Amino acid sequence: MKLATYNVNGVNGRLNVLLRWLDEAKPDIVCLQELKAPDEKFPRREIERAGYGAIWHGQKSWNGVAILARDRDLRETRRGLPGDPDDSHSRYIEAAIDGIIVGCLYLPNGNPAPGLKFDYKLRWFERLQSYAAELFELDVPVALVGDFNVMPTDLDVYAPERWRDDALFRPEVRAAYAELVAMGWTDAIRSLHPDERIYTFWKYFRNAFARDAGLRIDHFLLSPSLRERLIAAGVDKFARAWGHTSDHAPVWIDLDDR
DNA sequence: ATGTCACTACAATAGTGA
């Protein structure tokens, strides 16, 4: 079973890119981030025509997350991360699919740092840690998937020194990610490719993709029982090379069918 | 500091978030 994540950077503006990638990559489950569309403008018909059922949590202009599934029941188990009833951003949606809990998340960017946005990012990360601990206790297969907006280590940044003060790489944020992983989660991509430079995002600026000046910020965290089923992982860089494409590439893992 | 996108609105350019 192929589980993928894709920050589409506008689900309507990039609809052709998304549909082309679905057709070529044929993932079974997809977590989408940055829909940048309210619920009523989610392109449900086009996605259904491509063979996918979907749940989504949209918002005007910014954020927005969705989960797609092909030939599988998709039962929504949560929308919105617990811990702050005043949080109005659409950044978390979760479903039970094929006996797996899939949590699709879009962690705040947090720039500029320091500042209110960075504080919000750290608070959001704390809430994610608390909720992830709850999920972990359930002892069921769980995948926390999406755009975490954090590069875990120097190996995940083309030029670490230039990113030290950025909200995606500051020590507090890397520490929060490390604490989360240390609860017992497995960073799927890194576990299969411990020494490889793997990027999932390249800025639009300065020809970053052609120079491979990238960042690894889209991640899969697997609970212990899912980790055992992990077969392969990769980045669909070919989709980042297309015209009018997202600044992220789709990322995927292959899980043994049970 | 720069660069490039998408989306939005007291809309045909300027803001904003990334």
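The values are calculated or read from the model by the stated rules, or taken from the named source; none is laboratory data. Please read these numbers as outputs of a predicted model, since none were measured by experiment. Backbone-built Cβ (ideal geometry, glycine too); neighbour counts: all protein chains shown.
Tabulated results
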quantity: Hits in segment A:92-115 (condition: in contact with an Asp or Glu (Cβ under 8 Å, 6 or more places away or on another chain), within 16 Å of DNA strand B (Cβ to nearest atom) and among the small types (Gly, Ala, Ser)); calculated: A:ALA113
quantity: Which listed residue is under 21 Å from A:THR200 (Cβ atoms) and in contact with an Asp or Glu (Cβ under 9 Å, 6 or more places away or on another chain), from A:LEU35, A:LEU18; calculated: A:LEU18
quantity: Any hit, segment A:123-132, residues being away from DNA strand B (no atom under 16 Å from the Cβ), more than 20 Å from A:THR5 (Cα to Cα) and modelled with pLDDT under 95; calculated: no
quantity: Where a residue in segment A:206-224 is under 24 Å from A:ALA143 (Cα atoms) and its partner, wherever it lies, is among the charged types (D, E, K, R) and at pLDDT below 95, with Cβ under 9 Å and at least six apart; calculated: A:SER223/A:ASP139; A:PRO224/A:ASP139
quantity: Those residues of segment A:22-58 which are near DNA strand B (Cβ under 9 Å from one of its atoms) and either crowded, with 22+ Cβ neighbours inside 10 Å or not in a helix (DSSP H, G or I) (or both), in sequence order; calculated: A:GLU34, A:LEU35, A:LYS36, A:ALA37, A:PRO38
quantity: Helices (runs of 4 or more DSSP H) contained in segment A:89-206 and holding at least 3 residues of a type in the set (Gly, Ala, Ser); calculated: A:116-138, A:171-182
quantity: Scan of segment A:64-91 for residues that are surrounded by 20 or more Cβ atoms within 10 Å (Cβ to Cβ) and within 11 Å of DNA strand B (Cβ to nearest atom), ordered by number; calculated: A:GLY64, A:ARG91
quantity: Which listed residue is out of contact with any Lys or Arg (no Cβ under 7 Å at 6 or more places or on another chain), in contact (Cβ under 8 Å) with a residue 24 or more places away in the chain and under 27 Å from A:LEU255 (Cα atoms), from A:LEU135, A:LEU105; calculated: A:LEU135
quantity: Scan of segment A:6-21 for residues that are within 9 Å of DNA strand B (Cβ to nearest atom) and of a type in the set (S, T, N, Q), ordered by number; calculated: A:ASN7, A:ASN9, A:ASN12
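One line per residue, one yes/no per condition, for (1) surrounded by 15 or more Cβ atoms within 10 Å (Cβ to Cβ); (2) closer than 23 Å to A:ALA213 by Cβ:
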position	(1), (2)
A:ILE100	yes, no
A:ASN109	yes, yes
A:PRO114	no, no
A:LEU128	yes, no
A:ALA133	no, no
A:GLU137	no, no
A:GLY146	yes, yes
